[in-house]
Structure formats: structure tokens, C-alpha cells
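The values are calculated or read from the model by the stated rules, or taken from the named source; none is laboratory data. Bear in mind the structure is a predicted one, so any value in this text is a computation, not a measurement. Because the Cβ atoms are built from the backbone with ideal geometry, glycine has one as well, and the counts that use them run over all protein chains shown. Just so you know, the surface numbers come from the protein's heavy atoms only, side chains and all, with ligands and any DNA or RNA stripped out. Shrake-Rupley method; radii C 1.70, N 1.55, O 1.52, S 1.80 Å.
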Amino acid sequence: MTAILVVEDSERIAAFVAKGLRAAGFTPTITASARDAFDLAASGEFDLMVLDLSLPDGDGLDVARRLRAAGAELAIIILTARDSVTDTVAGLEGGADDYMAKPFRFEELLARIRLRLRTGAAGDSRSDVLRHDDVELDLRSRRARVGDREVELSAREFALAETFLRHPGQVLSREQLLSRVWGYDFDPGSNVVDVYVRYLRRKLGAELVTTVRGAGYRLG
């Protein structure tokens, strides 16, 4: 059974999410403590964590950052009432794989959980190091190198670079990138993909990603 950690200080919301997860075939564990959330998630016994940010004994974002710094690989979906763009970016850059604002539909949360679990399972059977020309990504340490130089990438930049390196020569549309890296449906008014491609070109090399006009982007 897939184990999911639900970190939520609202008993009503926690019970609602746990009930839905059980009905979907998952095994949920609930905690309202930031300290317990870190200890439980770091144990390696959970596949995914649904994480609130406003907890009685700390900030969930700090929990996510500490887990990533400790090398924890479980998927993290933030579920919070903080819904500003600044909060969303901070959550994703802090190591979360996805970000949902309250109020929410359980069906959408369940879809995102399944997406993240599929993505993680696919990644487990692949190489721990991806390479293209002089760019190298170490998936375990989450480190990037260009030649002999180590490059610092944010969590989202790393995920985007990983997506490109897993699909060499393939044209990836903005819709595909937004879905695979951010877990969102396509928003025609969003330019987040273009912004992050610029970040990658600046850090990993201007020639790494080619724009295919009217279609999307391609590695090389």
C-alpha cells in the first residue's frame, strides 16, 4: 500500500483528506506537528506528503526545505490557504513538487497525488545521472554541473532541466512542460515556462535549449 503523510492542523480537513485517500486505496497518516512531520517524512516510510504551511509549532515551508537538504526524496504537495504568487513560488523553490491553495476539490488533489507518484515511480528505474554534452545532473544529490563547474539550480530549474535531459531531441510544448514540471493544466496567460527556460539558458548555457517556433522547446 502506498503510504501518504498528511500534515494538517485542521482536524476537519485532515479527516476529509484521509477518508478520501483511504477510499482511493492509499494508507494515510495524519500529524499536525512540524517536528513530527519532519521526523516521519525523513524516515523513508512515506511515498508522498501533503503539507500545510501554517502549523502550530512551525512553518511547513521550513519542513520542506529541511527535508530536501537532508536528501529526502518523497514527493511533497503543499496544501495551504496561502495563495499569493509569492507564496506559490516560495513553496516550489523550497522543494515542493506541487502547490494547491485552499479551498480545494479533493478530486484535483487526488489527481495531483497520482501524477506525482507515477513520476516518482518512473524515475526510480532510471539512471541516477543524466548527461547532455557538458551538462550533467545528479538526480540523487540534486546537483548540476557544466563541465568542471558546479551550478546551483532551484528545485524547479532542476526539474525542468531533468525533463529536457530525459527527452533528448524531442520537442516539448509549453503545455507538456507545465504539466510535467509544475503539475498544472495549461494556462495560456502564463509565461512561467518561458521564464524558467531563460533561467536555464543563463545557468547551463545559451545553446542548451532551442526554441522551436510555434511548437515549444527542444534540448540542444
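For the chain, give the percent of accessible area contributed by carbon and sulfur heavy atoms, probe 1.4 Å, rounded to a whole number.
Values: 5320 of 11250 Å².
That fraction is 47 percent.
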### Summary
For segment 3-118, the charge dipole (Cβ of Lys, Arg +1; Cβ of Asp, Glu -1; about the Cα centre) points to a positive end, and the Cα of 54, 25, 67 closest to that extreme belongs to 25
### Message
Can you compute the modelled spin-label distance between residue 19 and residue 145, with each label point 7 Å from Cα toward Cβ, in nm?
### Response
5.3 nm
### Message
Averaging over every viewing direction, what projected area does the convex hull of the Cα atoms of the chain cover, in nm²?
### Response
12.0 nm²
### Message
Can you order the peptides 83-96, 167-180, 49-62 by their average number of other Cβ atoms within 10 Å per residue, highest first?
### Response
49-62, 83-96, 167-180
### Query
Taking Cα atoms of segment 129-219, Rg/Rh with Kirkwood Rh, to two decimals?
0.94
### Query
If you place +1 on the Cβ of every Lys and Arg and -1 on the Cβ of every Asp and Glu, how big does the dipole about the Cα centre of the chain come out, in debye to the nearest 20?
600 debye
### Message
How much length would be gained if the chain were fully extended between residue 170 and residue 152, taking 0.36 nm per residue of separation minus their Cα-Cα distance, in nm to one decimal?
### Response
3.9 nm
### Task
Could you state the accessible area per residue of the chain in Å², with a 1.4 Å probe and every protein chain left in place?
51 Å²
### Summary
Quick calc: nm separation of the 7 Å Cα→Cβ label points for residue 134 and residue 117 -> 4.3 nm
### Query
So for the chain, taking the charge dipole from beta-carbon charges (+1 Lys/Arg, -1 Asp/Glu), which of 41, 7, 77 sits furthest toward the positive end?
77
### Task
Go through segment 146-161 residue by residue and turn each phi into a ³J(HN,Hα) via Karplus (6.51, -1.76, 1.60, θ = phi - 60°); whole Hz please, and just put x for glycine and proline.
10, x, 8, 9, 7, 10, 8, 10, 6, 4, 6, 4, 5, 4, 5, 4
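Which number comes out as Rg/Rh for segment 1-125 once both Rg and the Kirkwood Rh are worked out on C-alpha atoms? Could you put the intermediate results ahead of the total?
On the way: Rg = 13.0 Å, Rh = 14.2 Å.
With Rg and the Kirkwood Rh in hand, the quotient comes to 0.92.
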### Query
residue 33 to residue 104: FRET efficiency via 1/(1 + (r/R0)^6), r the Cβ-Cβ distance, R0 30 Å, to the nearest 0.05?
0.85
### Summary
Scalar couplings 3J(HN,Hα) for segment 195-209 by Karplus 6.51 cos²θ - 1.76 cosθ + 1.60 (θ = phi - 60°), nearest whole Hz, x for Gly and Pro, are 4, 6, 5, 4, 4, 5, 4, 5, 8, 10, x, 5, 8, 4, 10
### Summary
Charge dipole of the chain built from unit charges on the beta carbon (Lys, Arg +1; Asp, Glu -1), centred at mean Cα; most positive-end Cα among 89, 211, 100 is 211
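If you count the DSSP beta bridges with both ends in the chain, what percent of them are antiparallel, to the nearest 5? Write down the numbers at each step before the final one.
On the way: 19 of 36 bridges.
Here the share of antiparallel DSSP bridges comes out near 55 percent.
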